[in-house]
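Trainee: Quick one: the structure is below, questions incoming.
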Amino acid sequence: MSNFIGIRHEDKYEMERRAPLTPRHVERLIKTKKLDIIIQSSEKRVFTEEEYLKAGAKIAKDLKKCGVIFGVKEMPVSFFEPDKTYVFFSHIIKGQAYNMPMLQRMMELKCNLIDYERIVDDQNKRLIFFGKYAGLAGMINSLWSMGLRLKDAGFKTPFSQIKQAHHYHSLEEAKQAISAVGQEIAELGLPEELRPFTVAFTGYGNVSMGAQEILGLLPIKEISPEKLLALRRRAHLPNNLMYKVVYKEADLVEPIDPEASFELHDYYANPQNYRAVFEKYVPHIDMLINCVYWDAKYPRLLTKDYLEKLYAKGTPKLKVIGDISCDVHGSVECNEKATEIEDPIFVYNPATRDFSMGHKGEGILVMSVDILPSELPRDSSNGFADVLINFVKPIADCDFAEDFEDLDLPRAIKKGLILHRGELTPDYEYIREFLK
């Protein structure tokens, strides 16, 4: 097997411009780890071929010479070759049906598959992720979306100055623009009718922290979920201050048994014994930023049935949902589709349960871009590679011909090894049921 390391070009989405390793990181690996790296040609990658050549890499149309190949998103079934090692976000650990043919093909070719999402420490905390950048871009997009909706409703606000994230040259440029909006709100305030202006975050992990970082550039005061319920449109409330609420699991669900108390461990182990209570807060929220991990076994936080009832009472306060988690028909049931950067938003009409792309129409705007970090491709690639670089050499040096128990890999990487020589490793045997 060749010792060449390959960096694949991304082709799942037209606007996917990220790379798992940047020229700066490639140069370090070549100089300090003595690795041979081949970069697959790409006309759209945010880093140019000249940058990689200057770093010491080789450029090729294909990666036939490479025994280990790194990518970002899923790879086409036709791309895989026998006995090679592939490292990427495979999106199979929930048994996603659309990726089972890809997994089946990798098994037939006796490939090794390492999934970034499952590279975790002993507390199962992810070590390599784009999540923060999803939050950063998602919040920028949500504020841009709010500007569009408020303008359509006849409100003049500084939010209309904000652009979609990918229109900024860098994260720093975006932050400067939003800081200027924050300064204008602080000086001139928001329209009286929008007071109090509230933003709710579900979740408190890396995605949420990235989103909160952007919102923090505006004049914000954080309040508890309980205080939100007591917050009313009052004359003494300042018009140049916005309110932020962060919801944790105990705020989102409660035990069905009235005699039971909320226990986080029990909720994760027995979610069927809990029901969602988040909807009671929705009438008081202008913008919902959804950042929670969700699986079908958990209760939905916001249902179509509830939104229909809310909408029947008149135009609700809720104007924009930034579903950064982007689970279609998931925790936010009205997420009708994962959108693309080129067409990122739609308006969901709770009365008809239909939706239309763009920012116009009756209902609630939903931002649900599937590849948010690619709206900040250079920044997000650099942040991702800062961690990945530490694992490239061990993966490159590993003899995958050995038995699984004997593989010389860091524990975190071994946890992320889903396929070994085409066989599901012990932690992932459950996926076999989805292959049927």
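Trainee: Answer yes or no: is there a residue in segment 252-262 that is assigned by TED's automatic domain parsing to the domain that holds residue 315, of a type in the set (Ser, Thr, Tyr) and buried (at least 18 other Cβ atoms within 10 Å of the Cβ). So that I can check it myself, show each step before the final result.
Mentor: First, the residues of segment 252-262 that are assigned by TED's automatic domain parsing to the domain that holds residue 315: 252-262.
Checking which are of a type in the set (Ser, Thr, Tyr) leaves us with 261.
From what is left, the residues that are buried (at least 18 other Cβ atoms within 10 Å of the Cβ) are none.
No.
Trainee: Let me ask something else about it. For segment 144-184, which positions are of a type in the set (S, T, N, Q) and over 15 Å from residue 211 (Cα atoms)?
Mentor: The initial filter retains those residues of segment 144-184 that are of a type in the set (S, T, N, Q), namely 145, 157, 160-161, 164, 170, 176, 179, 183.
Once the filter is applied, which keeps residues that are of a type in the set (S, T, N, Q) and over 15 Å from residue 211 (Cα atoms), segment 144-184 yields 157, 160, 161, 170, 176, 183.
Trainee: Then there's this: What residue, among those in segment 82-109 that are in contact with an Asp or Glu (Cβ under 8 Å, 6 or more places away or on another chain), touching a residue at least 60 places away in the same chain (Cβ under 8 Å) and over 22 Å from residue 395 (Cα atoms), is surrounded by the fewest Cβ atoms within 10 Å (Cβ to Cβ)?
Mentor: 94
Trainee: Can you pull out the strands (runs of 3 or more DSSP E) entirely within segment 58-106 that have at least 1 residues that are more than 18 Å from residue 431 (Cα to Cα) and under 27 Å from the mean Cα position of the chain (by Cα)? Give the steps one after another, and end with the answer.
Mentor: Working: elements: 58-60, 66-70, 85-88.
The qualifying strands (runs of 3 or more DSSP E) are 66-70, 85-88.
Trainee: May I ask you to verify whether residue 402 is in the same structural domain as residue 22 (by TED's automatic domain parsing), in contact (Cβ under 8 Å) with a residue 60 or more places away in the chain and not hydrophobic (A, V, I, L, M, F, W, C)?
Mentor: Numbers: in the same structural domain as residue 22 (by TED's automatic domain parsing): yes; in contact (Cβ under 8 Å) with a residue 60 or more places away in the chain: no; not hydrophobic (A, V, I, L, M, F, W, C): yes.
Criteria not met by residue 402.
Trainee: Then there's this: Quick one: which residue in 43, 10, 74, 51 is crowded, with 17+ Cβ neighbours inside 10 Å and either among the aliphatic types (A, V, I, L, M) or farther than 30 Å from residue 435 by Cα (or both)? Explain how you work it out, then say what you get.
Mentor: Values: 43 fails: crowded, with 17+ Cβ neighbours inside 10 Å; 10 fails: either among the aliphatic types (A, V, I, L, M) or farther than 30 Å from residue 435 by Cα (or both); 74 fails: either among the aliphatic types (A, V, I, L, M) or farther than 30 Å from residue 435 by Cα (or both).
The conditions single out 51.
Trainee: Pairs please, first residue from segment 21-50 and over 10 Å from residue 392 (Cβ atoms) and among the aliphatic types (A, V, I, L, M), second anywhere and part of a helix (DSSP H, G or I) and modelled with pLDDT of 95 or more, Cβ atoms under 7 Å, 6+ apart in sequence or on different chains.
Mentor: Qualifying pairs under 7 Å: 30/55; 39/49; 39/52; 46/377; 46/378; 46/381.
Trainee: Here's something else I'd like to know. Could you please find all residues in segment 242-264 being within 24 Å of the chain's Cα centre (by Cα) and not β-branched (Val, Ile, Thr)? Explain how you work it out, then say what you get.
Mentor: Step one: of segment 242-264, the residues within 24 Å of the chain's Cα centre (by Cα) are 243-253, 264.
Passing the criteria: 243, 244, 247, 248, 249, 250, 251, 252, 264.
Trainee: Condition (residue is crowded, with 20+ Cβ neighbours inside 10 Å and outside any helix (DSSP H, G or I)) applied to segment 130-139: is it met by at least one residue?
Mentor: Yes, some residue in segment 130-139 is crowded, with 20+ Cβ neighbours inside 10 Å and outside any helix (DSSP H, G or I).
Trainee: Where residues in segment 329-363 are touching a residue at least 12 places away in the same chain (Cβ under 8 Å), in a strand (DSSP E or B) and of a type in the set (Asp, Glu), which of them is surrounded by the most Cβ atoms within 10 Å (Cβ to Cβ)? Before the answer, list the steps.
Mentor: So in segment 329-363, the residues touching a residue at least 12 places away in the same chain (Cβ under 8 Å) come out as 330-351, 353, 355, 357-363.
Now drop any that are not in a strand (DSSP E or B), which leaves 332, 339-340, 343, 345-349, 355, 357.
Those still in the list that are of a type in the set (Asp, Glu) too: 340, 343.
Details: 340: 14, 343: 11.
Step by step, filter segment 329-363, then rank; the result is 340.
Trainee: I've got another one for you. Report those helices (runs of 4 or more DSSP H) wholly inside segment 364-436 carrying at least 3 residues which are more than 22 Å from residue 72 (Cβ to Cβ).
Mentor: Values: elements: 377-397, 411-415, 432-435.
Where helices (runs of 4 or more DSSP H) fall fully within segment 364-436 and carry at least 3 residues being more than 22 Å from residue 72 (Cβ to Cβ), they are 432-435.
Trainee: Filter segment 305-328 for residues that are assigned to a strand (DSSP E or B) and within 16 Å of the chain's Cα centre (by Cα); which is surrounded by the most Cβ atoms within 10 Å (Cβ to Cβ)?
Mentor: 322
Trainee: Separate question: Given the conditions (1) surrounded by 18 or more Cβ atoms within 10 Å (Cβ to Cβ); (2) in contact with a strand residue (DSSP E or B) (Cβ under 9 Å, 6 or more places away or on another chain); (3) not acidic (Asp, Glu), which single one is not true for residue 194?
Mentor: (2)
Conditions (1) under 26 Å from residue 18 (Cβ atoms); (2) out of contact with any Lys or Arg (no Cβ under 6 Å at 6 or more places or on another chain); (3) outside the structural domain of residue 390 (by TED's automatic domain parsing); (4) of a type in the set (Gly, Ala, Ser), marked per residue:
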{"residue": "104", "(1), (2), (3), (4)": "no, yes, no, no"}
{"residue": "114", "(1), (2), (3), (4)": "yes, yes, no, no"}
{"residue": "122", "(1), (2), (3), (4)": "no, yes, no, no"}
{"residue": "154", "(1), (2), (3), (4)": "no, yes, yes, yes"}
{"residue": "158", "(1), (2), (3), (4)": "no, yes, yes, no"}
{"residue": "170", "(1), (2), (3), (4)": "yes, yes, yes, yes"}
{"residue": "185", "(1), (2), (3), (4)": "no, yes, yes, no"}
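The values are calculated or read from the model by the stated rules, or taken from the named source; none is laboratory data. All figures in this text were calculated on a predicted structure; none of them were measured in a lab. No Cβ is skipped: glycine too gets one built from the backbone with ideal geometry, and neighbour counts run over all protein chains shown.
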